[in-house]
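Below you'll find the structure, written out as structure tokens, and then a few comments.
Read the figures in this text as sums done on the coordinates, not as results from a lab. Keep in mind it's a predicted model, so treat the numbers as computed, not measured. Please note: Cβ atoms are built from the backbone with ideal geometry, for glycine as well, and neighbour counts cover all protein chains shown.
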Amino acid sequence: MPEEPCQCPDCLRFYKEHDRLVRECPTLRQQQELNWAALQSFRTLAGKVLEEFQKQNGVKSNESIYEVSSVNSTEDDLQEALTDLENINAHLFSIEVLMEKIFDVRVPEVVEEKFRELAGELAPDPLNPDRLRLNRLLHQTPDLPDKS
């Protein structure tokens, strides 16, 4: 683990959002609802984008059945991105199934109170191991290159 948290703009934005979510949703139930909403919005948007590109791609392929044209790299890149997006959607469906199991969990008020108590301690901690682990993942994402 690094001794100091990364100070790049992406990480600073992540830290701010992480802390806000812990402070504003300090119970198990609130975290469940927040994660469910985030998952659903991600799935909805990703699904709609995929659907729109598939419609466009379907129209283009039908129009060009009788045309002889070379495949350019932009079309290849788009097809690869669509395949990746289909994979993302499949993963999101799997996560949704797991998330449904989380909603089956009910905890007593004493546990919810411990969530609230610890939320105040975790939110401002820049060296929280979970934050640092997520920070490392953020920097391993290909479309968000490490700026350090």
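A few remarks follow.
- Residues listed by number, the range 12-48, amide nitrogen under 18 Å from PHE93 label point at 7 Å toward C-beta: 39-48
- Estimated FRET transfer efficiency when R0 is 35 angstrom, pair LEU122-LYS48 (beta carbons, to 0.05): 0.55
- Using the Cβ-Cβ distance between LEU137 and THR74 with R0 = 22 Å, the FRET efficiency computed as 1/(1 + (r/R0)^6) comes to roughly 0.15.
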